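Some notes on the structure that comes next.
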Amino acid sequence: MPTLFLSGANRGIGLELAKVYAADGWTIIATARAPETATALTALAAEYQGRITIERLDVNDDAAVDAVAAKHAGHAIDLLINNAGISGGNDPALAIGDFNSFRRVLATNAVAPMKVTLALLPALKLASNPKIFTISSRLGSIGLSNGGKYAYRASKAAVNAAMHALAIDLKPLGITCAVAHPGWVRTDMGGSGADISVQESVAGLKQVADKLTFADTGKFFNYTGEELAW
Ligand SMILES: NC(=O)c1ccc[n+]([C@@H]2O[C@H](COP(=O)([O-])OP(=O)(O)OC[C@H]3O[C@@H](n4cnc5c(N)ncnc54)[C@H](OP(=O)(O)O)[C@@H]3O)[C@@H](O)[C@H]2O)c1
């Protein structure tokens, strides 16, 4: 049974990813900042008894990341999905209301996925065909950019660049590393006016992840499967 490590599994895209991977027979290490209020994830874990382990994790807490990685270091992780993220609100054109929020967005969306990924490398190396799949955003694509949303765009551009470089450095280890845009999705972050349901987004993301081969390392995919410009 393959193992998935999934950050931000308590709601939104992360919770739906946990549902579809559990239904597909995977073992899941599902992280949440506050497991005590993660009722939907707890119910899912009860449904798939023994296959979903819920770990408390704030991805910005380096010591907590190291501790959870150490706890699972002896067990192969086949797929890491870096999903946890924040929008940090909507910077209007020519203004940034709160530079501390900008720093938090960079930390959560760009620094933390690198920290989590590097901490889990020993467990990824134990898998026969390990994959790292980071949920980014097309708003991080400089090639597709328009104005506004400075913090969020910068954070996703940063994680894209970091994961692209990591993919190159992981080639000798045979680890596939790709990035995906989930669409504009009706979650707390995307809002009720977004284009697609969380089920449609996650069905697409899972298909992309399932089809990933080593030849796809260093690529940026839309949830529909086509490649996106960096
Ligand atoms: N929705 C969209 O339209 C859209 C579009 C493009 C990209 N994305 C990306 O897709 C991913 C998931 O987004 P979503 O729409 O599902 O958002 P969401 O509904 O707001 O859920 C965000 C998840 O990330 C977790 N999280 C936030 N900060 C965290 C931290 N410091 N440590 C650990 N977990 C943390 C949240 O946990 P808490 O419950 O504890 O806050 C929650 O589980 C994000 O990376 C987002 O940038 C979303």
Subject >> Karplus-derived 3J(HN,Hα), 6.51/-1.76/1.60, for each residue of the stretch 193-207, Hz, glycine and proline x >> reply: x, 5, 5, 10, 6, 5, 5, 5, 4, 6, 4, x, 4, 5, 4
Subject >> Stokes-Einstein D (µm²/s) once Rh is taken as the Kirkwood radius of the chain over alpha-carbon pairs, at 4 °C in 1.567 mPa s >> reply: 74
Original post:
Mind checking the dipole of the stretch 3-222: about its Cα centre, +1 per Lys or Arg Cβ, -1 per Asp or Glu Cβ, Debye to the nearest 20?
Top reply: 320
**OP:** Please list, in chain and number order, the residues 5+ apart from Asn82 or on another chain whose amide H is under 5 Å from its amide H, with Hs placed from the backbone.
**Re:** Phe133, Thr134, Ile135
**OP:** Counting only C-alpha contacts under 8 Å and six or more residues apart, can you give the relative contact order of the chain as a whole percent?
**Re:** 18
**OP:** Give a residue-ordered list of calculated ³J(HN,Hα) values for the stretch 146-153 (Karplus: 6.51 cos²θ - 1.76 cosθ + 1.60, θ = phi - 60°; whole Hz; x for Gly, Pro).
**Re:** 10, x, x, 6, 4, 5, 5, 4
Subject >> Exposure ranking of Met189, Met1 by accessible area [1.4 Å probe, largest first] >> reply: Met1, Met189
**OP:** Rank these residues by their accessible area, most exposed first, probe 1.4 Å: Tyr21, Tyr48, Tyr150.
**Re:** Tyr150, Tyr48, Tyr21
Subject >> Charge-dipole axis of the chain as Lys and Arg at +1 and Asp and Glu at -1 on Cβ define it, positive-most pick from Gln199, Pro122, Gly85 >> reply: Pro122
Original post:
Quick one: putting +1 on the C-beta of Lys and Arg, -1 on the C-beta of Asp and Glu, what dipole do you get for the stretch 20-82 around its Cα centre, in Debye to the nearest 20?
Top reply: 140
Subject >> Spherically averaged projected area of the stretch 83-164 from its Cα convex hull (nm²) >> reply: 5.7
Subject >> Packing rank of 216-225, 5-14, where each peptide gets the mean count of other beta carbons within 10 Å, highest leading >> reply: 5-14, 216-225
Original post:
Tell me, how many Å apart are the Cα centres for the stretch 115-156 and for the stretch 73-106?
Top reply: 10
Original post:
Tell me, what % of the accessible area of the stretch 146-230 is carbon and sulfur with a 1.4 angstrom probe?
Top reply: 55
**OP:** Would you mind checking the tilt of helix 12-23 against the longest principal axis of the Cα atoms of the chain, expressed as 0 to 90 degrees and rounded to 10?
**Re:** 30
Subject >> Residue-averaged [θ]222 nm for the chain, counting only DSSP H segments that reach four residues, each worth -39500 (n - 2.57) >> reply: -12000 deg cm²/dmol
Original post:
Computed FRET efficiency, Cβ-Cβ of Ala73 and Asp169, R0 25 Å: what is it to the nearest 0.05?
Top reply: 0.80
Original post:
With every protein chain kept in the model, how would you rank Trp230, Trp184 by accessible area, 1.4 Å probe, largest at the top?
Top reply: Trp184, Trp230
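The values are calculated or read from the model by the stated rules, or taken from the named source; none is laboratory data. What you see is a predicted model, and the numbers here were worked out from it, not measured in a lab. Because the Cβ atoms are built from the backbone with ideal geometry, glycine has one as well, and the counts that use them run over all protein chains shown. The area values use the complete protein model at the heavy-atom level, side chains included, leaving out ligands, DNA and RNA. Shrake-Rupley method; radii C 1.70, N 1.55, O 1.52, S 1.80 Å.
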